[in-house]
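Below is one structure, written out as structure tokens; comments come after it.
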């Protein structure tokens with residue numbers, strides 16, 4: 001058989017799809033990096049606060065509570081897309097594997113669609129909440145830092161989770177990111 005060269009080269013749709021998946025992976029890894037930095041911020045601020053409260057120093061870290069609270073929210077939100085990408089969430093495998101192959105596919109697809117709807121809704125509402133906080137100039141308790149951006153980060157991460165779940169819905173056996 002004679003094959004032409006264009007039969008083995010990916011089409012424009014495949015190239016665009018591959019580029020989108022690579023971009024999504026990069027976004028997931030950047031968010032994971034932000035999560036790691038946020039954890040280190042929490043550790044550093046907490047350690048500094050403990051040390052500064054020692055009797056011979058007696059100077060608590062002003063704003064430690066604000067910083068740790070904000071970093072905690074950022075840590076959880078930015079780690080969520082990676083956890084979803086590696087399928088690191090808790091699943092009820094025992095009951096799931098009792099189902100037949102077709103039933104598993106149906107249940108898996110329905111759960112992914114429900115997840116997409118839930119995270120899409122959470123992302124949308126988080127963005128609206130962030131806009132509302134910006135409108136009223138809401139700030140943190142001690143340091144009076146603007147906090148409108150925290151729900152917006154949470155919303156953006158929820159939208160990234162929707163994209164990751166979409167990938168898993170389209171390619172149920174494929175791994176987006178390997179551990």
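Bear in mind these aren't lab numbers, they're just calculated from the coordinates by the rules spelled out. Note that the coordinates shown come from a computational prediction; the quantities given were computed from them, not determined experimentally. Note that we place each Cβ from the backbone using ideal geometry, even for glycine, and neighbour counts take in every protein chain shown.
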**OP:** Using only Cα atoms, find the angle between the long axis of helix 64-85 and the longest principal axis of the chain, and express it within 0 to 90 degrees, rounded to the nearest 10.
**Re:** 10
**OP:** Starting from the Cα gyration tensor of the range 82-123, take the square roots of the eigenvalues, sort them a ≥ b ≥ c, and report rounded, prolate or oblate (rounded when a/c is under 1.5, otherwise prolate if a/b is larger than b/c, else oblate).
**Re:** oblate
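State, as an integer percentage, the relative contact order of the chain based on alpha-carbon contacts under 8 Å between residues 6 or more apart.
Working: 171 pairs, mean separation 44.4, N = 179.
Rounded, it is 25 percent for the chain.
Between residue 58 and residue 135, what length in nm is gained on full extension when 0.36 nm per residue of separation is reduced by their alpha carbon distance? Provide the component values of the computation, followed by the final result.
Working: separation 77, 0.36 × 77 = 27.72 nm, distance 3.81 nm.
Extra length available between residue 58 and residue 135 comes to 23.9 nm.
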Original post:
Relative to the first principal axis of the alpha-carbon coordinates of the chain, what is the inclination of helix 149-170, with its axis defined by its Cα atoms, in degrees from 0 to 90 and to the nearest 10?
Top reply: 20
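Under 8 Å for C-alpha pairs, at least 6 residues apart: give me the relative contact order for the range 131-178, rounded to a whole percent.
Answer for the range 131-178 is 22 percent.
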Subject >> Relative contact order [Cα under 8 Å, 6+ residues apart], the range 92-166, whole percent >> reply: 34
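Classify the range 116-179 from the C-alpha gyration tensor, please: rounded if a/c falls under 1.5, else prolate or oblate depending on whether a/b exceeds b/c. Write down the numbers at each step before the final one.
Numbers: a/c = 5.66, a/b = 2.50, b/c = 2.27.
Prolate, since a/c reaches 1.5 and a/b exceeds b/c.
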Original post:
Distance in nm between label sites at residue 86 and residue 30, each 7 Å beyond Cα in the beta-carbon direction?
Top reply: 2.1
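Could you give the length gained on full extension between residue 142 and residue 37, defined as 0.36 nm per residue of separation minus the Cα-Cα distance, in nm?
Working: separation 105, 0.36 × 105 = 37.80 nm, distance 2.21 nm.
Stretched out fully, the residue 142 to residue 37 stretch lengthens by 35.6 nm.
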Original post:
Which value, in nm² and rounded to one decimal, describes the direction-averaged projected area of the C-alpha convex hull of the range 5-170?
Top reply: 14.8
**OP:** Would you please put 67-75, 54-62, 16-24, 32-40 in order of how densely packed they are, using the mean number of other Cβ atoms within 10 angstrom per residue and starting with the highest?
**Re:** 67-75, 32-40, 16-24, 54-62
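Per DSSP helix of 4 or more residues, -39500 (n - 2.57); summed, then divided by the residues of the chain. What does that give at 222 nm, rounded to the nearest 500?
On the way: 5 runs with 124 residues, N = 179.
-24500 deg cm²/dmol, from helical runs alone.
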**OP:** Estimate the FRET efficiency between residue 173 and residue 20 by the formula 1/(1 + (r/R0)^6), using the beta-carbon distance for r and 22 Å for R0, to the nearest 0.05.
**Re:** 0.70
